[in-house]
Each structure stands twice: as C-alpha cells, then as structure tokens.
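Some notes on the structure that comes next.
The values are calculated or read from the model by the stated rules, or taken from the named source; none is laboratory data. Everything quoted here is computed from the prediction, not taken from an experiment. We place every Cβ from the backbone using ideal geometry, glycine too, and count neighbours over all the protein chains shown.
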Amino acid sequence: MARYTLRQLEAFVAVADSGSISAAAEALHVSQSAISGSVNSLEHVFDAQLTIRRKAHGVTLTAAGQYVLGRAKSLLNAASDLELHAANAGAELRGSLTLGCYLTLAPTVLARLIDHYGKRYPLVELDFYDGSQSEVQTRLASGQLDAAIAYDLSLPAGLLRQRLYDAAPSIVLAADHRLAARPELSLADVANDPMVLLDVNPSRENTMTMFSTAGLEPNIRFRTTDYEVTRSLVGRGMGYAILVQQPAGDLSYEGRPLVVRPIRPALRSIPVAIVWPKTVRPSQSTTAMIDLAIELYS
C-alpha cells in the first residue's frame, strides 16, 4: 500500500510547475502550510530531498525531484482518466486534450487532425496551440500540451515520437520568374538570386544546412517569420523561397500565381512526427490522438 496520497502528489506537481510554494497554494486554493506539509511528507516517504527551497528565489527540483515529477504526473493523469471513464466503463472517451503544432505545419496538418478527432470523440474537450518549434517544446515540457506535431529535427531527449510522414523541401517561385518553366531546379540554379528566408527554426536551420552542404551561400534579401508573408513576397517577384509544406492552391495570399519546383539532386526529406513527453504516461485522450495521427498520416 502506497504511503503517499494523490493530493500530496498534486501539491508537489503544482510546486514544480509554478516554481514556488505560494504560487502552488494559490493555484490549488489551499494554504502555503498545506503545500509545504505535502512536499515534506513526500520527501519523508521517499527518503529523498525533492526540492531546494530558497527565500525570494522560489523552489527548484533536485535530481530525485525531477524523477518523481514525471512519475507523479503519470499517476495523476491515470487517476483522472479512471475517474472520467469508470462510470461508463470506458465506452466513450472523455477528458481534455491540448495539441500543439509547429506553425508552418498547422495549416496543412492541424485542421484535419482536430476535425477528425472532434467528430470521433465529441465528449473530449479539445484545444490546440500553434507556435515555433521552441515554444511547442517548452509547452510540452511544462505540461501545457499533451502532444504536438513537429519536425523531427533537433528535438530534446525528453520526448517520445512517432514518425508520420516525410516532407521534401521545394523551391517556390513567382509564376513569371525566369526559371519558372523548368520542371526541376538545383540549389546552384537559384543561389545568386534574391531569397526570401522563412526565418524560424527548424526551417531556417534546415535551409542554411542545405546550402552549406552543397558548398553554396544563399543571397538572402528578406527574412520573415510568417509563412504566408514569405509566399506573398515571392508572388511579387521579390525573391524565391525554400518551403517544405505546400498548400493545395498555387496562389499567394494576394492571389498572385506561384510555381513549386522539386530540388535536384533530391535533398534529405524532413520527418514529421507526433511527439509527447517521455516522463508522463499519455492519457486515453492523448493516446487516441496519437493513434489518429498515425492512421491519417502514416
């Protein structure tokens, strides 16, 4: 029989996530002494120091605390799942799910996923967040996201992943560009032309690596962090771009025609994956999203 309670674990997780006893007490609507008592009890039961508490500097976790945190979140998720599904013996999926997505993948991947998921599991409270790869990783680590769709490039070690598909980068040009009639292009063909660089990682890192590997240096004219702004600048003939995700239409946001050309010789494809925290056991609603993503894209 365990000598600790779920409420004690909840208090410890709140302290770890908020970084202080006072913030955890406010989040759980209990006294600071109750939070401190719960953490003290856990440290006594586990015979290990879980936190380092410094006045005016908040709370940090020890190595043991980091280990316990992941297991505590898994236990709390499992307990929540049990409470949600016990009444109907798991016949209908319930709960909540927040899915993250790298911003350039969101228009072509995210909408399809949440549409299918919402129709299949209407009782799950579903939400999403789209942002940069680093923002998505930060939110996964803090527990704000249950899973995320991202490029499988430079991901931290604390994430599990399931590859969904491979995406190939292409060169995007205005329809009246001097090279638009060619069925395929090399990086050398466009290296001296002005480039519109999508300046967010991992897109920037991947683009610059491609040129470096080919012994070339792009002539960057504009940098933007917005996918559609990139395509609009290209549509006005202000440069070419290298993009991985391509919308179904061949027009910029302003309605200007674009052409997309494969790169030859073919470059390394970029894997797209669904990822989730390694230390937290996925809830039933999260597992269902992982399975759906595999079904739709693998």
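Mind checking which residues of segment 31-55 are within 14 Å of LEU9 (Cβ to Cβ) and outside any helix (DSSP H, G or I)?
Result: LEU50, THR51.
For segment 56-75: of the residues being in contact with a Lys or Arg (Cβ under 9 Å, 6 or more places away or on another chain) and not in a helix (DSSP H, G or I), which is surrounded by the fewest Cβ atoms within 10 Å (Cβ to Cβ)?
The selected residue is THR60.
Out of all the residues in segment 58-81, is one or more over 24 Å from the mean Cα position of the chain (by Cα), more than 26 Å from GLN137 (Cα to Cα) and either basic (Lys, Arg) or not assigned by TED's automatic domain parsing to the domain that holds SER203 (or both)?
Looking for residues that are over 24 Å from the mean Cα position of the chain (by Cα), more than 26 Å from GLN137 (Cα to Cα) and either basic (Lys, Arg) or not assigned by TED's automatic domain parsing to the domain that holds SER203 (or both), one finds none in segment 58-81, hence no.
Taking the conditions exactly as written (closer than 22 Å to SER96 by Cβ and free of Cβ contacts under 8 Å to residues at least 60 places away in the same chain), does GLU26 satisfy them or not?
Details: closer than 22 Å to SER96 by Cβ: yes; free of Cβ contacts under 8 Å to residues at least 60 places away in the same chain: yes.
Yes, satisfied.
What single numbered condition from (1) in contact with a helix residue (DSSP H, G or I) (Cβ under 7 Å, 6 or more places away or on another chain); (2) exposed (fewer than 15 other Cβ atoms within 10 Å of the Cβ); (3) under 30 Å from PRO169 (Cβ atoms); (4) not aromatic (Phe, Trp, Tyr) fails to hold for ALA79?
Of the numbered conditions (1) in contact with a helix residue (DSSP H, G or I) (Cβ under 7 Å, 6 or more places away or on another chain); (2) exposed (fewer than 15 other Cβ atoms within 10 Å of the Cβ); (3) under 30 Å from PRO169 (Cβ atoms); (4) not aromatic (Phe, Trp, Tyr), the odd one out for ALA79 is (3).
Among the residues of segment 173-191, count how many are crowded, with 18+ Cβ neighbours inside 10 Å and either free of Cβ contacts under 8 Å to residues at least 24 places away in the same chain or not assigned by TED's automatic domain parsing to the domain that holds SER252 (or both). Write out each step before concluding.
Just the residues of segment 173-191 that are crowded, with 18+ Cβ neighbours inside 10 Å, to begin with: 173-174, 177, 185, 187, 190.
Those still in the list that are either free of Cβ contacts under 8 Å to residues at least 24 places away in the same chain or not assigned by TED's automatic domain parsing to the domain that holds SER252 (or both) too: none.
So the count comes out to 0.
Identify the residue in segment 115-133 that is touching a residue at least 40 places away in the same chain (Cβ under 8 Å) and of a type outside the set (Ser, Thr, Tyr) and, among all such residues, is surrounded by the fewest Cβ atoms within 10 Å (Cβ to Cβ).
Keep residues of segment 115-133 that are touching a residue at least 40 places away in the same chain (Cβ under 8 Å), which gives 116-117, 120-121, 124, 132-133.
Right, trim to of a type outside the set (Ser, Thr, Tyr) and you get 116, 120, 124, 133.
Values: HIS116: 15, ARG120: 11, VAL124: 21, GLN133: 23.
In this case the residue turns out to be ARG120.
Would segment 86-93 turn up any residue that is of a type outside the set (S, T, N, Q) and not in a loop (DSSP other than H, G, I, E, B)?
As a first pass, look at segment 86-93 and keep what is of a type outside the set (S, T, N, Q): 86-87, 89-93.
Then keep just the ones that are not in a loop (DSSP other than H, G, I, E, B); that gives none.
No.
Please go through segment 236-270 and give me each residue that is touching a strand residue (DSSP E or B) at 6+ places or on another chain (Cβ under 8 Å) and over 28 Å from TYR165 (Cα atoms), ordered by number.
Here is the first cut: in segment 236-270, the ones touching a strand residue (DSSP E or B) at 6+ places or on another chain (Cβ under 8 Å) are 236-246, 250-252, 256-264, 269-270.
Residues satisfying the conditions are ARG236, GLY237, MET238, GLY239, ARG256.
Is it the case, given these coordinates, that ASP166 is among the acidic types (Asp, Glu), surrounded by fewer than 17 Cβ atoms within 10 Å (Cβ to Cβ) and closer than 19 Å to LEU296 by Cα? Before you say what the answer is, go through the steps one by one.
On the way: among the acidic types (Asp, Glu): yes; surrounded by fewer than 17 Cβ atoms within 10 Å (Cβ to Cβ): yes; closer than 19 Å to LEU296 by Cα: yes.
In short, yes.
If a residue must be touching a helix residue (DSSP H, G or I) at 6+ places or on another chain (Cβ under 6 Å), in contact (Cβ under 8 Å) with a residue 40 or more places away in the chain and of a type in the set (A, V, I, L, M), how many such residues does segment 192-227 contain?
Of the residues in segment 192-227, 2 are touching a helix residue (DSSP H, G or I) at 6+ places or on another chain (Cβ under 6 Å), in contact (Cβ under 8 Å) with a residue 40 or more places away in the chain and of a type in the set (A, V, I, L, M).
Find the residue count for segment 200-219, including only residues that are touching a strand residue (DSSP E or B) at 6+ places or on another chain (Cβ under 6 Å) and surrounded by 14 or more Cβ atoms within 10 Å (Cβ to Cβ).
To start, the set of residues in segment 200-219 that are touching a strand residue (DSSP E or B) at 6+ places or on another chain (Cβ under 6 Å) comprises 202, 207, 218-219.
Next, only the ones that are surrounded by 14 or more Cβ atoms within 10 Å (Cβ to Cβ) stay: 202, 207, 218.
Within segment 200-219, residues that are touching a strand residue (DSSP E or B) at 6+ places or on another chain (Cβ under 6 Å) and surrounded by 14 or more Cβ atoms within 10 Å (Cβ to Cβ) number 3.
Please list, ordered by residue number, the strands (runs of 3 or more DSSP E) wholly in segment 204-298 having 2 or more residues that are within 30 Å of ALA141 (Cβ to Cβ).
On the way: elements: 219-224, 241-243, 258-262, 270-277.
Filter on segment 204-298 gives 219-224, 241-243, 270-277.
May I ask you to list the residues in segment 138-190 that are outside any loop (DSSP other than H, G, I, E, B) and charged (D, E, K, R)?
Residues of segment 138-190 that are outside any loop (DSSP other than H, G, I, E, B), as a first pass: 138-142, 147-151, 159-167, 170-174, 185, 187-190.
ARG139, ARG161, ARG163, ASP166, ASP189, listed by residue number.
Looking only at segment 236-278, which residues are surrounded by fewer than 18 Cβ atoms within 10 Å (Cβ to Cβ) and among the hydroxyl-bearing types (Ser, Thr, Tyr)?
Scanning segment 236-278 gives TYR253, SER269.
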